[in-house]
Amino acid sequence: MSSRGGGRGRGRGQLTFNMEAVGIGKGDALPPPTLQPSPLFPPLEFRPVPLPSGEEGEYVLALKQELRGAMRQLPYFIRPAVPKRDWRRLPRELKIRVRKLQKERTTILLPKRPPKTTEDKEETIQKLETLEKKEEEVTSEEDEEKEEEEEKEEEEEEEYDEEEHEEETDYIMSYFDNGEDFGGDSDDNMDEAIY
């Protein structure tokens, strides 16, 4: 666990900051909790001067706008450079595409097919039936082949040779120790390893 006196619990709670730095001394009452949110903006000490109204204010405003427009027309006015983007560097998905207006599409009227007659329907039904019969014949042949293969596999499994199996596991059978040889009289010499 933790060292003595350094953990939580036991002893009085310690504050992690200096209360005098905040402006609260020992024994002073804490300020009451605020139940309303603080105002978004602090109160203004000085009110802004209202805009001059009337003909004179409108005249000055019109002069200012005219002066700014004239300054922009002078050759000394520097316009901010429009950054030219090299669109070849971007992948196709991020390139801006300008869509061209499509002309009204002219619909091509296809000649209507005459409705199928009952003779045509009968012919298609007969074709489908013959195809089904052919498929059934093919699947039945495949099933017979699969059954023959399974029978061959079963015969091979029955021919399993026990002598080969014994030869493969000869090492395991000769060195298997199930713990029966561990006698009670060998408790005296537990320090020695038995190989």
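The values are calculated or read from the model by the stated rules, or taken from the named source; none is laboratory data. Because the structure is predicted, anything quoted here is derived from the model rather than measured. Calculation scope for accessible area: heavy atoms of the full protein, side chains included, ligands and nucleic acids excluded. Shrake-Rupley method; radii C 1.70, N 1.55, O 1.52, S 1.80 Å.
Listing for the model above:
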| item | result |
| --- | --- |
| Three-way shape label, the stretch 29-88, alpha-carbon gyration tensor, a/c 1.5 | oblate |
| With all protein chains modelled, accessible area of D120 [1.4 Å, Å²] | 70 Å² |
| For the stretch 44-58, 3J(HN,Hα) per residue [Karplus equation, 6.51 cos²θ - 1.76 cosθ + 1.60, θ = phi - 60°, Hz, x = Gly/Pro] | 7, 7, 10, 7, x, 6, x, 5, x, 9, x, 5, 5, x, 5 |
| Extension gain, E150 back to K121 (0.36 nm per residue minus Cα-Cα distance, nm) | 6.1 nm |
